[in-house]
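The values are calculated or read from the model by the stated rules, or taken from the named source; none is laboratory data. Predicted, not measured: the structure shown is a model, and the values here were computed from it. All Cβ positions, even for glycine, are placed from backbone atoms using ideal geometry, and neighbour counts span all protein chains on display. Each accessible area value is taken on the protein alone, full model and side chains, heavy atoms only, with ligands, DNA and RNA left out. Shrake-Rupley method; radii C 1.70, N 1.55, O 1.52, S 1.80 Å.
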Amino acid sequence: MDFFERQRQAKKKTGRLVFLFFIAVLFIGLLNFFLIGIALSLNSAYEGEGNYTKFQDPVFGLVVVLVTLGIISLAGLYRHFQLREGGPSIAAMMNGRLVNMGTVEPDERKLMNVVEEMAIASSVPMPQVYVLDGEQGINALAAGYAMDDAVVGVTEGCMRNLSRDELQGVIAHEFSHILNNDMRLNLRLVAVIFGLVALAELGRIFLDVGASSSRSRRSSRDGGGSGGIALIGLILMATSGLGILMGKIIKSAVSRQREYLADSSAVQFTRNPEGLAGALKKIGAGGSRLNASKASEASHMFFGNALKKSWFSFTSTHPPLLERIQLLEPSFDGDFSTFKFEERPQPTSVVEQSQPAATGQAGLPIPGIDQALGQ
């Protein structure tokens, strides 16, 4: 596997897609100007003012474009502020549980050891580690704005059902996202998509206000611009809906390229493509879907597809599973039946297992153990 060439191609394609994403946002602003100009001109004609040239006014156009971009930017900044803590904010959004560095639970200890190994291999500072309890699908994510606030999260199914080599491949994949600044890009995409959603919500408010005003004044002739407000609302909903669709398509395309990059980098870190391929095979056998309510917002951050399988390949946040495996193991025939596994029950809590050994002869706490037990 020529992972250096794969990395070069993925980075090149990502740059083009990010540029296309911001062109799409600008296009939404221009489309708003054109459609709102026509709508206001038609509304003026209906009111007897006879103005059909509103959409040809460059000043009006500049105002509409700047207001559109301003709304998207302000909403995006608001979402950015909500996620200002970086990785821990995403982990909390996914209901993650922070794993103590001193844990003595076997699977958690294995996870922490693997994360420490990959931190050394990639020359990345040791991130905080979270487990998404109750999530039996095999999945993981890396999130944050920079290495200082980066976190690595794994589902409980990933932690408990993968071998050490397979878990190492998954964690190496996530460290690639940290090293290549994919986390910051992912969070920015979340903010811009949120801005487009906010624009659609503003359009819905305009439509409701205009429709309500029109109904209340239907019997009078002084209804004013209620029809125009409703039209503006409808246009904002339509154009932002188009923007959300375009944004998600481009976001998915960016995510697919970064997944290729992370897979190739994971091989570079571990020198063991079989481990990563084994984890992907177990996803093929058991799935990677998450139950968290906010999974869709962060779907492009995960190791595997966190949502239902997409009907269309261009809306999928991840490359086809078989393609990812065959890049690592060209001889694989696509038969996942031999890789099925039984979900392992969650072990008795660490506190219950270790409580008798947590105190000395006089019943006093032993330093270090209490911290490991979360007491």
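For the range 280-296, the tally of residues that are in contact with a helix residue (DSSP H, G or I) (Cβ under 6 Å, 6 or more places away or on another chain) and within 21 Å of Gly96 (Cα to Cα) stands at 1.
Being closer than 30 Å to Ala172 by Cβ, within 17 Å of the chain's Cα centre (by Cα), open to solvent by 50 Å² or more (accessible area, probe 1.4 Å) and polar (S, T, N, Q) is true of Asn95.
Which ones in the range 70-98 are of a type in the set (Gly, Ala, Ser), touching a helix residue (DSSP H, G or I) at 6+ places or on another chain (Cβ under 6 Å) and part of a helix (DSSP H, G or I)? Of everything in the range 70-98, those that are of a type in the set (Gly, Ala, Ser), touching a helix residue (DSSP H, G or I) at 6+ places or on another chain (Cβ under 6 Å) and part of a helix (DSSP H, G or I) turn out to be Ala75, Gly76, Gly87. The number of residues in the range 229-285 that are part of a helix (DSSP H, G or I) and under 17 Å from Ser163 (Cα atoms) comes to 16. So for the range 35-44 (the condition being modelled with pLDDT under 85, part of a helix (DSSP H, G or I), open to solvent by 20 Å² or more (accessible area, probe 1.4 Å) and closer than 30 Å to Ala150 by Cβ), does at least one residue qualify? No: the range 35-44 contains no residue that is modelled with pLDDT under 85, part of a helix (DSSP H, G or I), open to solvent by 20 Å² or more (accessible area, probe 1.4 Å) and closer than 30 Å to Ala150 by Cβ. With respect to Ile193, is the statement that it is over 16 Å from Tyr78 (Cα atoms) and modelled with pLDDT of 80 or more true? The answer is no for Ile193. Within the range 286-304, the set of residues being more than 8 Å from the chain's Cα centre (by Cα), modelled with pLDDT of 85 or more and either among the aliphatic types (A, V, I, L, M) or buried (at least 24 other Cβ atoms within 10 Å of the Cβ) (or both) comprises Ser288, Leu290, Phe303, Gly304.
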